[in-house]
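Have a look at the structure below, then the notes.
The values are calculated or read from the model by the stated rules, or taken from the named source; none is laboratory data. Only a predicted model underlies this, so the values are computations on that prediction, with no experimental measurement involved. Backbone-built Cβ (ideal geometry, glycine too); neighbour counts: all protein chains shown. For the accessible areas, the whole protein counts, side chains as well, though only heavy atoms, and no ligand, DNA or RNA atoms are used. Shrake-Rupley method; radii C 1.70, N 1.55, O 1.52, S 1.80 Å.
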Amino acid sequence: FVAVKAVIIGGGVVGCITAIKLKENGYDVTLVDKSFVGEESSAAGAGIIFPLMPWNYESRVFDLCLGALSFYKNLSIKLIKAGFEDPEFIESGMICIDPSDKKQIVQWGKNNNFTINEYLFNNRPSYELAKVAQINPKKLMKSLKQYISKLGVELIENVNMRKIEKKSNYLDGWPTKNNEIIKGDFFVTTVGAWSSEINDDYKNKIYPIRGQIIRYPKSEIKLDKILYSKNFYLLQRKCGSILAGSTIENVGFDKTVTPKAANELNEKAINLVPELRNFKPCKQWAGLRPGVKGNIPFIEQDNYYKNVYINSGHYRYGLTMAPKSANEVLKLIEKK
């Protein structure tokens with residue numbers, strides 16, 4: 001028996017979870033990344049396991065996020081048991097502060113059997129969403145990298161793939177920029193914002209959107225829940241530091257951090273938690289999300305190659321959508 005060889009291109013959270021899914025289903029899996037596994041947008045995010053305002057999206061968005069909370073809860077237990085770093089899964093819940101679309105939120109909760117309670121936050125009418133969790137993406141990606149290696153997934157790092165040319169309808173090897181060929185029975189691309197660099201079909205369909213986050217040093221301030229207001233959130237890590245994010249900037253492949261963004265995020269943070277006025281942000285960073293229309297990723301077979309699949313374009317919700325997306329890719333592959 002020779003296992004079918006799957007090659008996953010892109011080592012972010014979507015690539016890693018897809019690798020685990022395929023490995024668990026008996027495939028021989030190789031994961032290729034242009035730098036180091038988990039070092040791009042996956043590690044740069046805040047790690048909220050929930051689509052921030054599902055009532056504003058098509059139902060497909062929330063559908064792809066279903067089951068993520070229990071998936072990461074179980075995965076965290078597995079990672080800790082295996083002796084890897086604690087990814088800091090916290091089922092904290094989220095407070096949606098003084099939203100403008102109150103009726104819409106309540107109706108969405110009823111339609112989706114999702115508990116939403118009225119809540120007063122600093123005298124502002126708000127809603128509490130209990131089934132919302134968070135994880136520390138940097139620590140998660142570090143542990144996931146060790147875990148997938150332990151599962152027997154082959155990791156190839158610092159290898160840039162070339163754009164595939166449409167020659168036949170079957171690809172038996174994907175060329176690298178060093179003129180090597182990575183062989184596989186089928187390929188899944190999970191390169192997010194960089195999708196069009198290896199496949200022309202996604203030009204202008206998946207594009208980079210910069211997000212900047214600031215972090216405050218640990219303090220006596222206690223945030224038991226994620227705070228969310230007008231496309232802005234605050235959350236607290238297990239170590240006590242507080243994160244404020246995040247910007248949405250269409251600036252191409254530019255990860256520069258700007259004082260303007262830091263000031264805006266700081267002002268919004270103080271507006272929600274006035275005590276933060278006494279602290280200066282100690283860190284600022286940026287990541288490039290894979291922007292797509294309507295927050296709906298591309299999970300499909302290639303238009304040309306019958307053994308190439310894409311699982312990319314999850315925009316702000318790669319972490320939350322990764323488990324369900326991996327299931328959908330597996331179904332597509334096993335249809336053949």
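Could you say whether any residue in region 253-262 is free of Cβ contacts under 8 Å to residues at least 12 places away in the same chain, over 20 Å from residue 61 (Cα atoms) and open to solvent by 20 Å² or more (accessible area, probe 1.4 Å)? Yes: one or more hits.
Of all the numbered requirements in (1) under 22 Å from the mean Cα position of the chain (by Cα); (2) open to solvent by less than 80 Å² (accessible area, probe 1.4 Å); (3) charged (D, E, K, R), residue 138 misses one, and that requirement is (2). If you go through region 310-336 and pick out every residue that is outside any helix (DSSP H, G or I) and either closer than 23 Å to residue 71 by Cα or open to solvent by less than 10 Å² (accessible area, probe 1.4 Å) (or both), you end up with 8. I'd like the residue in region 16-43 that is farther than 16 Å from residue 187 by Cβ, charged (D, E, K, R) and outside any helix (DSSP H, G or I) and, out of all such residues, is least open to solvent (accessible area, probe 1.4 Å). So, considering only residues that are farther than 16 Å from residue 187 by Cβ, charged (D, E, K, R) and outside any helix (DSSP H, G or I), the one least open to solvent (accessible area, probe 1.4 Å) is 40.
Tell me which residues, restricted to region 143-199, are out of contact with any helix residue (DSSP H, G or I) (no Cβ under 9 Å at 6 or more places or on another chain), part of a helix (DSSP H, G or I), surrounded by 12 or more Cβ atoms within 10 Å (Cβ to Cβ) and not aliphatic (A, V, I, L, M). Of everything in region 143-199, those that are out of contact with any helix residue (DSSP H, G or I) (no Cβ under 9 Å at 6 or more places or on another chain), part of a helix (DSSP H, G or I), surrounded by 12 or more Cβ atoms within 10 Å (Cβ to Cβ) and not aliphatic (A, V, I, L, M) turn out to be 149, 194, 197.
Residues that are assigned to a strand (DSSP E or B) and touching an Asp or Glu at 6+ places or on another chain (Cβ under 8 Å) within region 283-309 comprise 287, 288, 299, 308, 309, listed in sequence order. Counting only residues that are in a strand (DSSP E or B) and either open to solvent by 20 Å² or more (accessible area, probe 1.4 Å) or more than 18 Å from residue 132 (Cα to Cα) (or both), region 237-252 holds 1 of them. In region 25-45, the residues that are of a type in the set (Phe, Trp, Tyr) form Cβ pairs under 8 Å with partners that are not in a strand (DSSP E or B), at six or more places apart or across chains, as follows: 27/3; 27/4; 36/11; 36/157; 36/158.
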